[in-house]
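Bear in mind these aren't lab numbers, they're just calculated from the coordinates by the rules spelled out. Every value quoted in this text rests on a predicted model; they were computed, and no experiment measured them. A quick note on method: Cβ atoms are made from the backbone with ideal geometry, for glycine too, and the neighbour counts reach across all protein chains shown.
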Amino acid sequence: MGLACLFVSVAAAQAPPPAPFTTHQLKPNVYWIEGGGGNSGVIVGDKGVIIVDAKTTPAGGKELLDDVAKITPKPVTTVILTHSDGDHVNGLASFPAGVKIIAHENNKKEQDAALSAGGRGAPPAEHLPNQLVTKNKENLKIDGVRIELLHWAPAHTSGDLVVYLPSEKIVFTGDIIAAQLPDPLIHLEKHGSSEGWIATTKGIVALNADQFVPGHGIVQTKADVQKRLADAEAKREKIKSLVAQGKSLEEIRSEVGDPSPAAGRGGRGPAFPTFTEVVYRELTNKSA
Ligand SMILES: [Zn+2]
């Protein structure tokens, strides 16, 4: 969540230290850690640990590593990034030098652009992705663990990567699923796409898995993800037909019962465009 990251940074400057993170176990060797930004995955391999997403700030990254050390004495050797947003990436600043950082090639491009733009929220220059995924599917075996990295289309961002553990039947979706929001969250400024989101989520529900760790919020069942997909498809079709009737964005928002942008994010921080706005912009090429 790009803008959320700004909000978190501003809040962090004034707020007391954040609540401690919470570790949840999914399988004997797989955990997820909640708090401090996006959810993180922890996969314990034969000799080392693979992390999925690295929290928002250097302090958050350090807390994540401290929590991993409570699970296992094995060193963190590999990080997989689900996308480029700061609340999943910037905690990498506290990670050891030389850690392998795997990301989709478009994620790297987005981080490079954010780094040249500079300012608050820029990714840590010493910890950019150093192993890029260019194919839509890569089957890896990292430290004895089978891991599939999947990309169907630009969805939340252009550089989304879904992390699938076929033996454990677990999927880390990144922000393709942001479970605290009613609708898909799509960053048009990172070339995300509602059509791509639907294609991606269809791919996710087709996986032989039963636990889906979202980028934000609690673990989802397959039925949860299927419902989210069906709701989004129906809403997109409705918006499409209203656009075809020449309705304005405001008319469409009221007809589909769109939450106000602030409510759509739970009332926190600067508003992201809602799913309705995103689809409207895509179909009309208008900036609302
Ligand atoms: Zn995000």
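Across segment 102-113, a minimum of one residue is classified as within 16 Å of the ligand (Cβ to nearest atom), free of Cβ contacts under 8 Å to residues at least 24 places away in the same chain and either polar (S, T, N, Q) or closer than 29 Å to Ile186 by Cβ (or both).
One residue stands out in segment 167-177 among those that are in contact (Cβ under 8 Å) with a residue 40 or more places away in the chain and surrounded by fewer than 24 Cβ atoms within 10 Å (Cβ to Cβ): the one that is farthest from Ala206 (Cα to Cα), namely Glu168.
When segment 121-145 is filtered for residues that are among the basic types (Lys, Arg) and exposed (fewer than 12 other Cβ atoms within 10 Å of the Cβ), the ones remaining, listed by number, are Lys135, Lys141. Taken over segment 114-135, residues that are within 16 Å of the ligand (Cβ to nearest atom) and of a type in the set (Val, Ile, Thr) amount to 0.
Tell me, yes or no, whether segment 38-57 has at least one residue that is away from the ligand (no atom under 15 Å from the Cβ), free of Cβ contacts under 8 Å to residues at least 40 places away in the same chain and either hydroxyl-bearing (Ser, Thr, Tyr) or touching a Leu at 6+ places or on another chain (Cβ under 6 Å) (or both). Scanning segment 38-57 turns up no residue that is away from the ligand (no atom under 15 Å from the Cβ), free of Cβ contacts under 8 Å to residues at least 40 places away in the same chain and either hydroxyl-bearing (Ser, Thr, Tyr) or touching a Leu at 6+ places or on another chain (Cβ under 6 Å) (or both).
Would you call Ser158 under 16 Å from Ala103 (Cα atoms) and in contact (Cβ under 8 Å) with a residue 12 or more places away in the chain? Criteria met by Ser158.
Within segment 180-196, does at least one residue satisfy the condition of being in contact (Cβ under 8 Å) with a residue 12 or more places away in the chain, more than 16 Å from the ligand (Cβ to nearest atom) and among the aliphatic types (A, V, I, L, M)? No; the residues of segment 180-196 include none that is in contact (Cβ under 8 Å) with a residue 12 or more places away in the chain, more than 16 Å from the ligand (Cβ to nearest atom) and among the aliphatic types (A, V, I, L, M).
Inside segment 189-230, can you point out the residues that are closer than 11 Å to Ile177 by Cβ and assigned to a loop (DSSP other than H, G, I, E, B)? Once the filter is applied, which keeps residues that are closer than 11 Å to Ile177 by Cβ and assigned to a loop (DSSP other than H, G, I, E, B), segment 189-230 yields Gly217, Ile218, Val219.
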